[in-house]
Amino acid sequence: MKNMLLLALLIFMGVIQAAYPTSLSEEQQLDILDRLRYLRGEGPLPASMEGVDLPHCGTDIVFSAFINRRNFTGKLAADLDALAGRPSGLNSIYLSAAGHFRIHYTIEGPNSVYQVDIDTLGGGDLIPDYVNHIALIADSVWALEVNALGFPAPPSDGTMGGDSLKDIYILNLGPSYYGYTEPETALTTQSVTSFLVIDNDYNIYPYNDSDAMNRRLDAARVTLAHEFFHTIHYAMDYTEYQEYDGLAALYWWEMSAVWMEEMAYDNINDYYAYLLYFFNAPWYSLQDVSIRDQGLHQYASMIFPLFLSEKFGTGVIRAIWEKCRDLGVGPQFHTAVDEVIDSVTAGEYNLVSLLNEFAVWNVFTGSRRSRAPAGIGYSEGAQYPRFIDSMFLTFNEYIDTLIWFQPDGWRTDTLLDGSNISRFKNHMPQNLSAHYIDLRQISQIADDSLYVYFLGTRDTTYHISWAITFLGFPVSGVGPAAVIEKFLPAELQAARFNTQTASYSNIIGVATPVTTSVNSYPKKYGYTLIFNDSISPPDVDFITNFLAYPNPMRVDSPDDSVTFRVSVETSERLDAPAILKVTIFNVAGEKVIRLPDVAGESGDYISNLFSAWYLDNESGKKVASGVYLAYLELAFQDGHPSINKKLKIAVIK
């Protein structure tokens, strides 16, 4: 028994718009308050944050409080007012030399700055060196982000800050937190003022592995680069966020702020440690901010703006933020990237092709960096964690194999070689993520006889498009990989390639689902793989042609149908009839209907088998318009064992 697959019928389009919560439950209000207390170093770790790797930036916490202030009620509203806002009790002030910042600090109590008694700068100016250094670092960050990279200077703090300077408060923050940037006064529908808060001693690993002040200041350097960039975000477009369960999702803020750390302090490289949270979970969207599941994923996603800046220059990040602003209120990240890249490359790239190439770059990290094709790979990629083998869905058997990957309704949990694939079953890719397919043992297949079909499920609400690139690694085990095939149409449904398999030790397929809809997250998307060796065995000349018509089709009358035809030709007489079995599934993998079996006639050298589907389900009701999968099985009774054993079916479209 052998299998064939058809992807057919009509696609319909739909649009949904973002909706934000207009109220918070008491539990959600208490959780935000607990997070604020912990961030400020005034309370225990909230239950909702237990057991996860905590982020180093608390901006999402204070931002969540800011946008939800109207949703707090009664005493909880008063508690929020008492917690939010500018810190108190810092009775000392120092102005930065360049005239951009006012530093608030204290030399007493739990908020006292690090090594408060060391005063060597400025000839002993009665200012702790830690404070002097913070001011110098802040001025240098301003010089980079505003003067060199061209981002707009954040607006004055106004009457709240008391002058035109940006205010930095030095506090003893909760464990693991480096700093945060708190919004304050709305200036327009998209712009708000803000102030910065950073830690007083950075007693955080790995910066506390030494008492040397410069090591602690490394943490301050990347924190100020990060948090000052957030003041720019607030000023440019503070509405570039989404909200899940009452908490703000600042994925573009955080990934671009960690990118800014690298731009400002290339020699510190603490982002290397974050990258494991990205490379070890490639199926998570760039939008993923789920602290329960991932924690640091949004920080590790800085690899995406790093990819953009290495490929197109640093100005592309500013252009995307400007486009987010210009597109208006609300989250615009996906559309902004799509439009900016289209403009920068004069139409050569869009979001679909861009995300697929980004996913290809991510194959070549660690020791695999030296195998990257020309023009692919990060400048520091050899120092990154290696993209580990367990992230690849690995195949060692191919002959007439169909694997149906759907979030709900897989056809199998194991491959032909017995490999368990439940990990991939439980982690289907989200929008702006990837699946990696490693085809090994391909030397067993003759040249030009391995056919790989990739059928992406196109979501009819968010208009998901798939792209896939196949990479071939030389049999020598050295030298760069080759890009064998790219399939990057706007709405990919199927990709097929055949290649000189003997030239490669393995072939990696990089598949990415992409849509410009920000509302597709956290939905997951599935696809189908078919591997087929079309070479006929030497003792049986067997050819199968397959056709479905009309394809696609419309449902205009009760008599409309789609017909599946299979034509079988053999050089041997058929002593038993061939039987065609057809089962229809929807794109979620749910069976719609099993059609009646159709038998050919024994004794024929050529057998044409027809099966018609009248677009109904097993209850006799017409199905809705959409994409359906026809699973065809061609079986022979035991009267012809040679064909039973050696039958190979090639799908001809």
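The values are calculated or read from the model by the stated rules, or taken from the named source; none is laboratory data. Because the structure is predicted, anything quoted here is derived from the model rather than measured. As a convention, Cβ positions derive from the backbone with ideal geometry for all residues, glycine included, and neighbour counts pool all protein chains shown. Surface areas here come from the heavy atoms of the whole protein model, side chains and all, with no ligands, DNA or RNA. Shrake-Rupley method; radii C 1.70, N 1.55, O 1.52, S 1.80 Å.
Numbers for the structure displayed
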{"quantity": "Neighbourhood charge, 15 Å Cβ-Cβ cut-off, centred on residue 340 and excluding it, Lys, Arg +1 and Asp, Glu -1", "calculated": "-4"}
{"quantity": "Translational diffusion of region 273-395, µm² s⁻¹ [Kirkwood Rh, Cα pairs; Stokes-Einstein; 25 °C; 0.890 mPa s]", "calculated": "159"}
{"quantity": "Exceeding the 29 Å Cα-Cα cut-off - candidates 425/486; 486/622; 166/323; 581/621; 323/523", "calculated": "486/622"}
{"quantity": "Summed residue charge, Cβ within 12 Å of residue 311's Cβ, Lys/Arg positive, Asp/Glu negative", "calculated": "-3"}
{"quantity": "Geometric extent, Cα atoms of region 253-302 - Rg, Dmax (angstrom)", "calculated": "10.7, 31"}
{"quantity": "Dimensions (Å) - region 153-231, Cα atoms, principal axes, largest first", "calculated": "44, 22, 21"}
{"quantity": "³J(HN,Hα) computed for each position of region 471-484 - Karplus, 6.51 cos²θ - 1.76 cosθ + 1.60, integer Hz, glycine/proline x", "calculated": "10, x, 9, x, 5, 5, x, 9, x, x, 6, 10, 7, 7"}
{"quantity": "Amide H contacts of residue 505 (H built 1.01 Å from N, under 5 Å, at least 5 apart or other chain)", "calculated": "473, 475"}
{"quantity": "Rounded percent of accessible protein surface that carbon and sulfur make up, region 218-329, 1.4 Å probe", "calculated": "44"}
{"quantity": "Per-residue ³J(HN,Hα) for region 174-191, Karplus 6.51 cos²θ - 1.76 cosθ + 1.60, θ = phi - 60°, Hz, x for Gly and Pro", "calculated": "x, x, 6, 8, 8, x, 7, 10, 9, x, 9, 10, 6, 9, 9, 5, 10, 10"}
{"quantity": "Relative packing of peptides 521-529, 262-270, 26-34 - highest average C-beta neighbours within 10 Å first", "calculated": "521-529, 26-34, 262-270"}
{"quantity": "Counted charge near residue 115, where neighbours are those whose Cβ lies closer than 11 Å (Asp, Glu -1; Lys, Arg +1)", "calculated": "-4"}
{"quantity": "Whole-number accessible area per residue in Å² for region 66-175, which is evaluated in the context of all protein chains at 1.4 Å", "calculated": "45"}
{"quantity": "When the convex hull of its Cα atoms is projected in every direction, mean area for region 101-214 (nm²)", "calculated": "8.7"}
{"quantity": "Region 202-271: translational diffusion in µm²/s, Stokes-Einstein, Kirkwood Rh over Cα pairs, 25 °C, 0.890 mPa s", "calculated": "184"}
